[in-house]
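Below is one structure, written out as structure tokens; the observations come after it.
The values are calculated or read from the model by the stated rules, or taken from the named source; none is laboratory data. Since the structure is predicted, the reported quantities are computational estimates derived from the model, not experimental observations. Every residue, glycine as well, gets a Cβ built from its backbone with ideal geometry; the counts of neighbours run over all protein chains shown.
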Amino acid sequence: MLTPFVVVSTGLLILALRVTWIVAVSGASVLDLSTIPGVIGGEFTGAIHLPRALREGQSIRLILTCTVIPWSHTSGKSYCSPHTSWQDDREIAASEIAQRGNVVPVHFTIPATSDASTDHQDDGGSDWHAVEWVLEALGQPHKFWRGQYEVPVFRTGQSPPIVAPAAYSISDVGSIAGALMHGKAFDESKPELVARPASTRIGTRFTSNGLEIKLPIRLAFLIASLWALVTLPLYVAPLIVAIWLPKFAFLSIAGWLWAAFFLNVLPAFFLVIGERGESSWAAARS
């Protein structure tokens, strides 16, 4: 009974030892910023001075992440649900780092719609949120080296002016309602804005290779798969009944197999068909 707990504890211990080992061998690195602060709607540049030279074939992956940390207070309880509002990454080759003398160049373009760094911003009442910008450097492959730096990103005089909200007419109400109901994965007029659909758990983020979309498993497919697995023993049931429980053999073996087929295949089949039909209808309607 204790085996699962021992396995989980051992895995957590191995993970902690690996992280500790990476921190110990990484050494102290220095992030030298050329833009202080990073400009919203502009550039974020700098350089990371590595404590030691990289081996041949090793590179550094840079990941710049903006995390929004909202806090809400309801009935004497506090809730926090951080989420990534924007992220970008790029890989710097070992040859480029060696040419600069073990220095990793940092260069990102920050979208004009990003949030500025803040420790505490009131949202009204007792609710508030914080915005954190973090630059992470990972040694590739196998993440042999790691550096993490909290960086300042603000709106400055170089930032583009904030565009006033558009005034919608009555003819736009239908499209707005459709976007709210079905979600909008990408806005072509604002390529830096990626809105997560309200009705799904689709995750999106910008990377150096383009827009990355994470599609979770659909509920109907999951239910259909589980149902098919759970009802698989029905195909063996007629043999068990015929050998050990002859009194309950009120159906022939062929009848049992047909019953197993209808109970096993048809519900899963119609779940999948229903899911596909609903998706096609929503696509055609949008």
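Points worth noting:
- Where strands (runs of 3 or more DSSP E) sit wholly within region 30-124, those with at least 2 residues that are of a type in the set (D, E, K, R) occupy 83-92, 118-124.
- On the stretch given as region 114-139, residues that are in contact with a Lys or Arg (Cβ under 8 Å, 6 or more places away or on another chain) and surrounded by 17 or more Cβ atoms within 10 Å (Cβ to Cβ) total 4.
- Test for Pro233: is it surrounded by fewer than 13 Cβ atoms within 10 Å (Cβ to Cβ) and either modelled with pLDDT of 75 or more or in contact with a strand residue (DSSP E or B) (Cβ under 6 Å, 6 or more places away or on another chain) (or both): yes
- Some residue of region 85-100 being in the same structural domain as Thr35 (by TED's automatic domain parsing), in contact with a Phe, Trp or Tyr (Cβ under 6 Å, 6 or more places away or on another chain) and either of a type in the set (D, E, K, R) or at pLDDT below 85 (or both): yes
- Residue selected from region 1-29 under the condition closer than 30 Å to Ala47 by Cβ and not in a helix (DSSP H, G or I), by the criterion modelled with the lowest pLDDT: Gly27
- Glu91 being of a type in the set (D, E, K, R) and under 20 Å from the mean Cα position of the chain (by Cα): yes
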